[in-house]
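Asker: Have a look at this one.
Only the coordinates and a few stated rules stand behind these numbers; no lab work does. Only a predicted model underlies this, so the values are computations on that prediction, with no experimental measurement involved. Cβ sites come from the backbone with ideal geometry, for glycine too, and all protein chains shown count toward neighbours.
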Amino acid sequence: MSEPPRPRIAVVVFPGSNDDRDVQLALERLGATAPRVWHDETRLPAETAAVVLPGGFSYGDYLRCGAIARLSPIMRAVERFAAGGGLVLGICNGFQILTEARLLPGVLRPNASLAFVCRDTTLRVMRSDTPFTGRCDSRRPLRIPVKHGQGCWYADPDQLAELEVGGQLLLRYSEGENPNGSAADVAGVVNATGNVCGLMPHPEHAVDPLLGSTDGRLILGSLVDAARLSAALPV
Amino acid sequence: MLVRPKTGILDPQGQAVESSLRHLGFAVDAARVGRVVDLELDVADADEARRQLERMCEQLLANPLIESYEIELRPGA
């Protein structure tokens, strides 16, 4: 049997991104090609089937995390891609950028403890019918690390209720494990149309047994699967 | 521009400042920590300055979901 096609998943690099190579390596091991794309570009590579905004400290987290990065030239292309139904995943700083760009609901604020947290967390997968969780089993929690100073996701109570009803609260920290004080223990959300996702935990740091958990493969592998399907569709 | 967390929004920095001030013996009921952005603008009048500053706050300097802002104008030299 021949090897399945390798979908192209663009990894955007902002000044101050620092997880782009880890994401690239993880995606390539999971069967994608993952070119890194500099933030100054105005277009995504041809045949891009998905985009990942990686973690880091874009623009030194000046003003608010993600507030400057979302004005980068490449973000116009990412916004158009998302508006056309393209798959976009933001991890940590990438999640912050997507909320600042209003591609995802809510906002990420300094951790309630004011301390940087760096540790494994246990996550509940609320839905396995999204492009980001297709390989997950909602009965089985994921073990994936976080490392952030500003991961306290917030939405006002009305919006929170609406997002919960709409199934947009995709990942939640297990009870008693919330590392940052986020509303409703939210660790990751999807947009209303289900093609844009952001999460604070780092699946790219949980893909090799050497580092403990390999549960990150379930998230990134789901994205590779979904990207492969969307790449097969006629444009 | 004065940008600060909206009332009702958890402000951990403000809480830390409040408790530190109490440790120093000051009677503080509440503290909120925001930021000041000083800008110099070359504009015809105060109304124009205010219009521009409001747009800057809405588009970049404040996040309207969690922050409020105030504009203070001073004529330049």
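Asker: Which one of B:Gly8, B:Val37, B:Leu61 has its Cα pushed farthest toward the positive end of the charge dipole of chain B, where Lys and Arg give +1 and Asp and Glu give -1 at the Cβ?
Answerer: B:Gly8
Asker: Estimate the FRET efficiency between A:Trp38 and B:Gln59 by the formula 1/(1 + (r/R0)^6), using the beta-carbon distance for r and 35 Å for R0, to the nearest 0.05.
Answerer: 0.90
Asker: Within a Cβ distance under 10 Å of A:Ala69, other residues only, what is the Lys/Arg minus Asp/Glu net charge? List each step's numbers first, then the result.
Answerer: Numbers: positive: A:Arg70; negative: A:Asp61, A:Glu100.
Around A:Ala69, the charge tally is -1.
Asker: Given the C-alpha centroids of the range A:193-217 and the range A:4-19, what is the distance between them in whole angstrom?
Answerer: 14
Asker: Within the range A:26-53, list the residues whose amide N lies under 20 Å from a label point set 7 Å along Cα→Cβ of A:Arg80.
Answerer: A:35-53
Asker: Also, quick follow-up: How high is the relative contact order of chain A, in percent, with contacts defined as C-alpha pairs under 8 Å that are six or more residues apart? Don't skip to the end; give the middle numbers.
Answerer: Values: 546 pairs, mean separation 50.0, N = 235.
Taking the mean separation of contacting Cα pairs over the length of chain A, I get 21 percent.
Asker: What's the ranking of A:102-110, A:59-67 by average number of surrounding C-beta atoms within 10 Å, highest first?
Answerer: Details: A:102-110: 22.7, A:59-67: 19.7.
Put in order of decreasing packing, that is A:102-110, A:59-67.
Asker: What does the charge count around A:Gly212 come to, taking other residues whose C-beta lies under 15 Å from its C-beta (Lys +1, Arg +1, Asp -1, Glu -1)?
Answerer: Values: positive: A:Arg119, A:Arg143, A:Lys147, A:Arg217; negative: A:Asp22, A:Asp120, A:Glu204, A:Asp208, A:Asp215.
Local net charge: -1.
Asker: What nm distance separates the two modelled labels at B:Ala27 and A:Leu211, each placed 7 Å from Cα along Cα→Cβ?
Answerer: Placing both labels 7 Å beyond Cα along the Cβ direction yields 5.4 nm.
Asker: If you count, for each residue, the other Cβ atoms within 10 Å and average over each peptide, how do A:160-169, A:186-195 line up from highest to lowest? Spell out each step's value before the answer.
Answerer: On the way: A:160-169: 16.7, A:186-195: 22.1.
Ranking, from highest mean packing down: A:186-195, A:160-169.
Asker: Can you give the FRET efficiency to the nearest 0.05 for B:Val36 and A:Asp158, using r as the Cβ-Cβ distance and R₀ = 30 Å? Don't jump to the answer; show the numbers that get you there.
Answerer: On the way: r = 31 Å, r/R0 = 1.03.
Here the calculated transfer efficiency is 0.45.
Asker: Okay, next question. What percent antiparallel are the DSSP beta bridges of the protein assembly as shown, to the nearest 5?
Answerer: Values: 25 of 41 bridges.
Roughly 60 percent of the DSSP beta bridges within the protein assembly as shown come out antiparallel.
Asker: Determine the sum of side-chain charges near A:Arg21: Lys and Arg each +1, Asp and Glu each -1, restricted to other residues whose C-beta is under 10 angstrom from that of A:Arg21.
Answerer: Details: positive: A:Arg36; negative: A:Asp19, A:Asp20, A:Asp22, A:Glu204.
Residues close to A:Arg21 contribute a combined charge of -3.
Asker: At what distance in angstrom do the alpha carbon centres of the range B:3-76 and the range A:64-100 lie from each other?
Answerer: Taking the Cα centre of the range A:64-100 as reference, the centre of the range B:3-76 is 26 Å away.
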